[in-house]
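Note sheet for the following structure.
The values are calculated or read from the model by the stated rules, or taken from the named source; none is laboratory data. In this text, all values refer to a predicted model and were calculated from it rather than measured experimentally. When we count neighbours, we look across all protein chains shown, and the Cβ atoms used for this are built from the backbone with ideal geometry, even at glycine.
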Amino acid sequence: MRVSKKLSIAALAAATMMALAGCAGSIDKSETTTTPEAAPTFAAGTTMERLAESGTITIGTKFDQPLFGLTDIDGTPKGFDVEIGKLIAAKLGIAEDKIVWKEAVSANREPFIQNGEVDIVVATYTINDKRKEVISFAGPYYEAGQSILVKADNDDIKSEKDLVGKPVCSVTGSTPAAKLTEIGAEPLLTDTYTNCLEPLRGGQVVAVSTDNVILAGLAQQNEGQFKVVGKPFTKEPYGIGLAKDDTEFRNFINDTLEESYKDGSYKAAWDATAGEVLEYVEPPAVDRY
């Protein structure tokens with residue numbers, strides 16, 4: 001049985017901070033503007049009423065994912081997931097500057113929701129049955145697929161079959177990490193995908209593997225150093241995590257998503273963020289389970 005290895009975060013910290021600093025200047029343009037609903041009313045006792053009356057919402061998102069959730073030079077996250085969070089907040093009557101953003105990495109998303117540290121998580125968060133045992137999901141609002149990132153001069157790896165028996169970096173607690181073990185690769189795990197780039201540069205791993213949209217963002221922010229290869233070999237429906245069995249809130253978020261598909265705000269959010277690199281595709285139907 002192959003054993004996943006944990007990369008030293010401390011050893012990679014300097015390289016990661018340099019990578020984020022290099023990205024920060026290029027994402028200011030990914031911010032869009034949402035207008036909050038004027039004095040919305042909700043049924044008594046619902047999560048929507050509580051949040052609307054408080055005038056604030058805490059949203060967990062990634063801080064290291066180009067195109068989807070990446071902190072700017074002032075520490076403010078920007079990206080498609082961030083914009084989805086803003087759309088939900090606006091329907092609650094909450095302005096952008098009243099949103100509290102909390103960094104969510106793959107391993108802490110469920111605990112954050114279970115412990116009430118966040119109200120929702122929008123963080124390249126794949127819906128699956130195991131996670132639905134402890135939290136609920138609205139959406140999906142996007143479907144990604146696991147793919148492979150290699151150094152730009154690597155012509156040996158063309159698909160997931162070429163990863164068998166080889167060291168590949170991914171993130172603790174993620175569905176891509178589990179898939180790597182399943183296909184026979186040797187996962188080396190860290191807490192964020194940017195922490196995978198230095199081992200890839202240095203030859204500790206032959207590839208990084210996660211959702212194609214995440215890898216596209218990393219390649220774009222490190223132009224000429226890496227490339228995405230092969231076709232996606234999984235389906236990763238991104239959902240919005242919230243407290244288990246809060247059906248009214250889940251329905252509200254699903255309604256908000258469907259309305260954004262119709263009124264153009266979803267596409268506007270995409271075009272201003274991930275759409276700078278990735279082709280627009282129609283969002284999947286929400287799952288009202």
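For every residue, the table says whether it meets (1) small (Gly, Ala, Ser); (2) outside any loop (DSSP other than H, G, I, E, B); (3) at pLDDT 95 or above.
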| position | (1), (2), (3) |
| --- | --- |
| Val3 | no, no, no |
| Ala13 | yes, yes, no |
| Met18 | no, yes, no |
| Ala21 | yes, yes, no |
| Thr34 | no, no, no |
| Pro40 | no, no, no |
| Ala52 | yes, yes, yes |
(1) in the same structural domain as Asp153 (by TED's automatic domain parsing); (2) crowded, with 20+ Cβ neighbours inside 10 Å: which one isn't true of Leu242, the others all being true?
(1)
Working only within the range 164-175, note down all residues that are within 20 Å of Arg109 (Cβ to Cβ) and surrounded by fewer than 23 Cβ atoms within 10 Å (Cβ to Cβ).
Thr172, Gly173, Thr175
Report, by residue number, each residue of the range 149-181 that is part of a strand (DSSP E or B), more than 22 Å from the chain's Cα centre (by Cα) and closer than 23 Å to Gly224 by Cβ.
Lys151
Top-ranked residue in the range 133-148 [being within 12 Å of Pro237 (Cβ to Cβ) and among the hydrophobic types (A, V, I, L, M, F, W, C); ranked as nearest to the chain's Cα centre (by Cα)]:
Ala144
I need the full set of residues from the range 78-101 which are crowded, with 21+ Cβ neighbours inside 10 Å, outside any helix (DSSP H, G or I) and small (Gly, Ala, Ser), in order please.
Gly79
Kindly check whether there is at least one residue in the range 182-192 that is acidic (Asp, Glu), assigned to a loop (DSSP other than H, G, I, E, B) and under 23 Å from the mean Cα position of the chain (by Cα).
yes
Here the qualifying pairs (Cβ atoms under 7 Å; residues six or more apart or on different chains; first in the range 71-95 and within 16 Å of Lys267 (Cβ to Cβ) and assigned by TED's automatic domain parsing to the domain that holds Pro36; second small (Gly, Ala, Ser) and assigned to a loop (DSSP other than H, G, I, E, B)) come out as Asp81/Ala123
Under the condition of being assigned to a helix (DSSP H, G or I) and not hydroxyl-bearing (Ser, Thr, Tyr), which residue from the range 102-121 is modelled with the lowest pLDDT?
Ala107
Taking the range 122-139 and the residues there that are assigned to a strand (DSSP E or B) and in contact with a helix residue (DSSP H, G or I) (Cβ under 7 Å, 6 or more places away or on another chain), the one that is farthest from Phe112 (Cα to Cα) would be Gly139
Contact list, first residue from the range 277-289 and touching a residue at least 12 places away in the same chain (Cβ under 8 Å), second anywhere and part of a loop (DSSP other than H, G, I, E, B), beta-carbon distance below 8 Å, six or more apart or interchain, is Val277/Leu67; Leu278/Leu67; Asp287/Ile127
Test set (1) of a type outside the set (Phe, Trp, Tyr); (2) touching a Gly at 6+ places or on another chain (Cβ under 8 Å); (3) more than 18 Å from Glu236 (Cα to Cα) - Asp211 fails condition number:
(3)
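Kindly indicate whether Val281 is in contact with a Gly (Cβ under 9 Å, 6 or more places away or on another chain) and within 17 Å of Asp81 (Cα to Cα).
Spelling it out, it is not the case that Val281 is in contact with a Gly (Cβ under 9 Å, 6 or more places away or on another chain) and within 17 Å of Asp81 (Cα to Cα).
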Strands (runs of 3 or more DSSP E) enclosed by the range 193-289 - at least 1 residues per element that are at positive phi and in contact with a Ser or Thr (Cβ under 8 Å, 6 or more places away or on another chain):
none
Take Asp156 and decide whether it is among the acidic types (Asp, Glu) and buried (at least 23 other Cβ atoms within 10 Å of the Cβ).
no
